[in-house]
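K.L.:
I'd like to ask you about the structure that follows.
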Amino acid sequence: MDSRIVVDRVWLSEGGRRINYKYRGVGRAAKFFSGRPSFYAKYEVDLGEVPESILLIPLVANLAPIAWLAGVPLEVPTLDAKFLDGLGKVKAVFMRDYPAISDGDSPILVENPFDTESSGSKHAMLFSGGVDAYATFFRH
């Protein structure tokens, strides 16, 4: 596998409210990331107690479609097993809409899938303030 996307590291800053990611493209995948700013996510709460398998979700949700369309594997140190399972279902939809995507060419390779224990509601959403966000909010 000479071409791939590799997630090397995740860490918190700004009092635990910013997730920073170190990742890179290798081989032909390098062109998608060369000279681009790093990906990060900011929140209004301290994420210090959140497992790395969950902290990686925002990055993987953005990188997975790139890996699928580029036909390269995405290597991640850890990831929530439920999210990984759901990502497979999302990929199946992408494969229907983009027939050039091959399931075998772009796997998500997780060194340590982790079953994260959760409590409370199983509903979550990112609220952008748009019509879709309000529709989701009212449905759930």
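K.L.:
Show me the strands (runs of 3 or more DSSP E) entirely contained within segment 1-55 in which 3 or more residues are modelled with pLDDT of 95 or more.
P.N.:
Fully inside segment 1-55 and qualifying: 4-13, 18-26.
K.L.:
While we're on this one: Tally time: how many residues in segment 100-133 are open to solvent by 90 Å² or more (accessible area, probe 1.4 Å), over 22 Å from Arg4 (Cβ atoms) and either modelled with pLDDT of 85 or more or touching a helix residue (DSSP H, G or I) at 6+ places or on another chain (Cβ under 8 Å) (or both)?
P.N.:
3
K.L.:
Here is a list: Pro99, Pro113, Pro77. Which entry is in a loop (DSSP other than H, G, I, E, B) and more than 25 Å from Ser128 (Cβ to Cβ)?
P.N.:
Only one candidate passes the filter, namely Pro99.
Per-residue answers, yes or no, for (1) exposed (fewer than 15 other Cβ atoms within 10 Å of the Cβ); (2) small (Gly, Ala, Ser); (3) under 19 Å from Phe83 (Cβ atoms):
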{"site": "Glu14", "(1), (2), (3)": "yes, no, no"}
{"site": "Arg17", "(1), (2), (3)": "no, no, no"}
{"site": "Ala30", "(1), (2), (3)": "yes, yes, no"}
{"site": "Ser34", "(1), (2), (3)": "yes, yes, no"}
{"site": "Leu56", "(1), (2), (3)": "no, no, yes"}
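The values are calculated or read from the model by the stated rules, or taken from the named source; none is laboratory data. All values reported here derive from a predicted model rather than from experimental measurement. Positions of Cβ are backbone-derived with ideal geometry, glycine not excepted, and every protein chain shown enters the neighbour counts. Each accessible area value is taken on the protein alone, full model and side chains, heavy atoms only, with ligands, DNA and RNA left out. Shrake-Rupley method; radii C 1.70, N 1.55, O 1.52, S 1.80 Å.
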